[in-house]
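These notes are about the structure you will find just below.
The values are calculated or read from the model by the stated rules, or taken from the named source; none is laboratory data. Source: prediction; values computed, not measured. We place every Cβ from the backbone using ideal geometry, glycine too, and count neighbours over all the protein chains shown.
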Amino acid sequence: MVRKDEILDLEITGMTHEGMGVGKKDGFAIFVQGAVDGEKVGVKIIKVLKSYAVARIEAFIEKSSHRQEPFCPVYKRCGGCSLQHMTYAKTLAFKRQVVVDNLARIGSLSDVRVHDTLGMAEPINYRNKAQYPVGMGKSGPVAGFFARRSHEIVEAPSCAIQHPLSDKAKDIVLGYIKALNIPVYNETTGHGIIRHVVTKVGFNTGEVMIIIVATKPELPKANKLIYRLKRDIPGLASVILNVNPKPGNVILGDRNITLFGKDTIQDTLGGLAFEISPLSFYQVNPAQTEVLYQKAVDYAHLQGNETVFDLYCGIGTIGLFAASRAKKVIGVEVVPEAVEAAKSNAKHNGIENAEFYAGLAEEVVPELYEKGIKADVVFVDPPRKGCDENLLKTLVDMAPSRIVYVSCNPSTLARDLKFLTGSGFQVEEVQPVDMFPWSEHVETVVSMSRL
Ligand code: SAH
């Protein structure tokens, strides 16, 4: 249909779920990075595969009115953002469409109500957690972000979606590495010490945690680094050495050594205090997290007499949000450290009707159900791979009156909704929320009830 290096005019008629423009030549799909639907572009084919080709923009013939100049100087190379060439309003419409498409194609749910994506008033500096890979560049050590589809490190003086203190901490660590000749990690040989700088910022408390991920349990001249961090990072509350000697893409290892300050930091959400530790999951966009949780709790229609399950509960946030409106909350989470944090979060907030269990939701929930412990309302908030079918089967048997599904992956969401709608539940409303502005990711809350 098309051949490599061919140059042609292309009308962009759709978008992939990663945000690439799609055009067709004689019915054959051509994906174009950076093109927006509705545009006409001149492209050069750079790769031809069995069912599609990939092309690069050579010239614009007709630009979309939804196009904007990306605000980041390294946007084209960095793998972090993928939608900065579109207006914010357009990215919100795009994300809604991704949800609609997945529900229809995978979930056979074409007639459900999908609201407009809830976006941010000011979609910048929204992230409370940054992860900077550290490595060797052409002229010395570098820290930044991985390039798109590669492990080349792109340096960015500042990143507009991060909290400014995160960038500052990264610069301080890089300065220490350079000044004291601390060896940086080499992914190919496994040699070197420092692999990543991870930062966590409590937006509402101002507390900052800096995690240095290293291959060894001691950091050379650590006191020099800590001094610089203490001097230049206001709110510095914790410096952690995380030990990760294993090769591979997992950023954090299991072992944490507190080099300075506390083992955890605190943040508040919706008037509740939460403890944040190096390994436990905490939503990365605190402003939108409140929007998301509020929606989730609204969709639960709690009256005050319900037993509520909060599955995949992390540090217990959703369940603790709902606790004042329910009789009892039971949270389940696989990371033991997060479960401990959830318990202490309940305690510190004076919440006495919540309990938490460590384990896989697909194992713990069937055990609870066998013991006769049932939920009236269930929240599920699984990772990208969605819910285990064994969990969904147990929920169908348990027959709660409502399920609120919070999802970070529309395709596994659609798969799981197909299962639930085929087994006695109906979808009432679907609300996409923009938790990750300028990336292609979309968070979705779904309100379901038993038929
Ligand atoms: N609801 C929480 C966390 C959501 S992220 C919040 O809003 O902050 C998903 C969580 O599921 C993570 O904490 C992860 O550790 C946990 N998890 C992943 N697989 C799991 C499983 N099979 N059973 C229980 N928890 C799991």
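All conditions in (1) in contact with an Asp or Glu (Cβ under 9 Å, 6 or more places away or on another chain); (2) crowded, with 17+ Cβ neighbours inside 10 Å hold for Asn102, with the sole exception of (1). When Gly14, Gly38, Gly42 are screened for being out of contact with any Phe, Trp or Tyr (no Cβ under 7 Å at 6 or more places or on another chain), outside any loop (DSSP other than H, G, I, E, B) and under 22 Å from Arg96 (Cβ atoms), only Gly14 passes. Taken over the stretch 363-388, the residue count meeting the criterion of being more than 15 Å from the ligand (Cβ to nearest atom) and over 20 Å from Met448 (Cβ atoms) is 4.
When we screen Gly34, Gly19 for residues that are buried (at least 19 other Cβ atoms within 10 Å of the Cβ), at positive phi and in contact with an Asp or Glu (Cβ under 6 Å, 6 or more places away or on another chain), the only hit is Gly19.
Being β-branched (Val, Ile, Thr) and closer than 23 Å to Lys76 by Cβ is a condition met by no residue of the stretch 169-179.
Taken together, the criteria exclude Val239 from residues that are within 15 Å of the ligand (Cβ to nearest atom) and of a type outside the set (Ser, Thr, Tyr). Against the conditions (1) touching a residue at least 60 places away in the same chain (Cβ under 8 Å); (2) more than 14 Å from the ligand (Cβ to nearest atom); (3) part of a helix (DSSP H, G or I), Lys343 satisfies every one except (1).
If you check Arg195 against the conditions, is it touching a Ser or Thr at 6+ places or on another chain (Cβ under 9 Å) and in contact (Cβ under 8 Å) with a residue 40 or more places away in the chain? Against the criterion (touching a Ser or Thr at 6+ places or on another chain (Cβ under 9 Å) and in contact (Cβ under 8 Å) with a residue 40 or more places away in the chain), Arg195 qualifies.
For the stretch 322-349, residues that are surrounded by fewer than 22 Cβ atoms within 10 Å (Cβ to Cβ) and either at positive phi or not aliphatic (A, V, I, L, M) (or both) total 12. Only one of the numbered conditions (1) crowded, with 18+ Cβ neighbours inside 10 Å; (2) touching an Asp or Glu at 6+ places or on another chain (Cβ under 9 Å) is not met by Ile182, and that is (2).
Within the stretch 397-451, the set of residues being touching a residue at least 60 places away in the same chain (Cβ under 8 Å) and of a type in the set (Asp, Glu) comprises Glu428, Glu429, Asp434, Glu440, Glu443. Of the numbered criteria (1) loosely packed, with under 15 Cβ neighbours inside 10 Å; (2) over 15 Å from Ser64 (Cβ atoms); (3) β-branched (Val, Ile, Thr), the one Thr13 fails is (2). Selection over the stretch 390-422 of residues that are charged (D, E, K, R) and either touching a Lys or Arg at 6+ places or on another chain (Cβ under 6 Å) or farther than 23 Å from Leu368 by Cα (or both) gives a count of 2. Can you tell me which residues in the stretch 298-326 are in contact with a helix residue (DSSP H, G or I) (Cβ under 9 Å, 6 or more places away or on another chain) and more than 12 Å from the ligand (Cβ to nearest atom)? Those that are in contact with a helix residue (DSSP H, G or I) (Cβ under 9 Å, 6 or more places away or on another chain) and more than 12 Å from the ligand (Cβ to nearest atom): Ala300, Leu302, Glu306, Val308, Ala323, Arg325, Ala326. When Glu290, Glu352 are screened for being modelled with pLDDT of 95 or more, within 13 Å of the ligand (Cβ to nearest atom) and either part of a loop (DSSP other than H, G, I, E, B) or surrounded by fewer than 17 Cβ atoms within 10 Å (Cβ to Cβ) (or both), only Glu290 passes.
From the list Gly175, Gly135, which residue is out of contact with any Leu (no Cβ under 8 Å at 6 or more places or on another chain) and assigned to a helix (DSSP H, G or I)?
Criteria check complete, one pass: Gly175.
Looking only at the stretch 420-451, which residues are surrounded by fewer than 19 Cβ atoms within 10 Å (Cβ to Cβ) and farther than 30 Å from Phe145 by Cβ? Hits for the stretch 420-451 are Thr421, Gly422, Ser423, Gly424, Gln426, Glu428, Glu429, Ser449, Arg450, Leu451. If you check Leu360, Leu395, Leu391 for being closer than 17 Å to Phe425 by Cβ, out of contact with any Gly (no Cβ under 8 Å at 6 or more places or on another chain) and within 8 Å of the ligand (Cβ to nearest atom), only one passes: Leu391. I'd like to verify a number: residues in the stretch 369-384 that are touching a residue at least 40 places away in the same chain (Cβ under 8 Å) and in a helix (DSSP H, G or I), how many? Of the residues in that region, 0 qualify.
Residue by residue through the stretch 401-414, note down the ones that are surrounded by 21 or more Cβ atoms within 10 Å (Cβ to Cβ) and not in a strand (DSSP E or B).
Of everything in the stretch 401-414, those that are surrounded by 21 or more Cβ atoms within 10 Å (Cβ to Cβ) and not in a strand (DSSP E or B) turn out to be Pro410, Leu413, Ala414.
Considering only residues in the stretch 171-204 that are among the small types (Gly, Ala, Ser) and in contact with a strand residue (DSSP E or B) (Cβ under 9 Å, 6 or more places away or on another chain), the one that is nearest to Met136 (Cα to Cα) turns out to be Gly192. The lone criterion from (1) surrounded by fewer than 24 Cβ atoms within 10 Å (Cβ to Cβ); (2) in a helix (DSSP H, G or I); (3) away from the ligand (no atom under 16 Å from the Cβ) left unmet by Leu417 is number (1).
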